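The values are calculated or read from the model by the stated rules, or taken from the named source; none is laboratory data. Every value quoted in this text rests on a predicted model; they were computed, and no experiment measured them. Backbone-built Cβ (ideal geometry, glycine too); neighbour counts: all protein chains shown. Each accessible area value is taken on the protein alone, full model and side chains, heavy atoms only, with ligands, DNA and RNA left out. Shrake-Rupley method; radii C 1.70, N 1.55, O 1.52, S 1.80 Å.
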Amino acid sequence: MKAAGSIDAYLADVPSDKRPELERLRAIVRDEVPEAVETIAYAMPAFRLEGRYLLGFSATKRGCSFYPGRLPMEMVEGELSGYRVWKGTINYDCVAPLPEPLVRKIVRARVAQLRSG
């Protein structure tokens, strides 16, 4: 995939089997944090809040990845069984998406984490 200059450009190049999941993640983040700024970071769609990295997502060879940054993963550890989790990354099959309540919980936790310093 070529480097994109915007989330729209990135999504335009994502295979059709992965695009709906990434669009869903984007919509959830927009709903939870409308003041977040869309950007491209590390060649993937990301959001910044108050000038700092909030989270990102991407299509991978095998599926999708959600990057909640330095979120203490133990906050959601019991809810992530069945997913590959490592170094602030959650990898999963796009046809078996992360549950929306879990995504919202992660987004809210990241916002709280950033705003608390």
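A few points about this structure:
- Some residue of segment 87-94 being open to solvent by less than 60 Å² (accessible area, probe 1.4 Å), without any contact (Cβ under 8 Å) to a residue 40 or more places away in the chain and aliphatic (A, V, I, L, M): yes
- Residues of segment 44-84 that turn out to be of a type outside the set (Gly, Ala, Ser) and either in contact with a helix residue (DSSP H, G or I) (Cβ under 6 Å, 6 or more places away or on another chain) or open to solvent by less than 40 Å² (accessible area, probe 1.4 Å) (or both), as a count: 17
- Taken as a whole, the condition of being in contact with an Asp or Glu (Cβ under 6 Å, 6 or more places away or on another chain), outside any loop (DSSP other than H, G, I, E, B) and under 17 Å from GLN113 (Cβ atoms) does not apply to LEU55.
- Cβ-Cβ under 6 Å pairs, at least 6 apart or on other chains, segment 14-28 side under 8 Å from ALA59 (Cβ atoms) and small (Gly, Ala, Ser), far side in a helix (DSSP H, G or I) and modelled with pLDDT of 95 or more: none
- For PRO34, the conditions (1) on the phi > 0 side of the Ramachandran plot; (2) modelled with pLDDT of 95 or more; (3) not aliphatic (A, V, I, L, M) all hold with the exception of (1).
- Of the listed requirements (1) part of a loop (DSSP other than H, G, I, E, B); (2) of a type outside the set (S, T, N, Q); (3) over 19 Å from ARG108 (Cβ atoms); (4) open to solvent by 20 Å² or more (accessible area, probe 1.4 Å), ILE40 misses just one: (1).
- Scope segment 106-117; condition open to solvent by 70 Å² or more (accessible area, probe 1.4 Å) and not in a loop (DSSP other than H, G, I, E, B); matching residues: ARG108, ARG115
- In segment 61-88, of all residues being of a type outside the set (Lys, Arg) and modelled with pLDDT of 90 or more, the one that is nearest to GLU50 (Cα to Cα) corresponds to PRO68.
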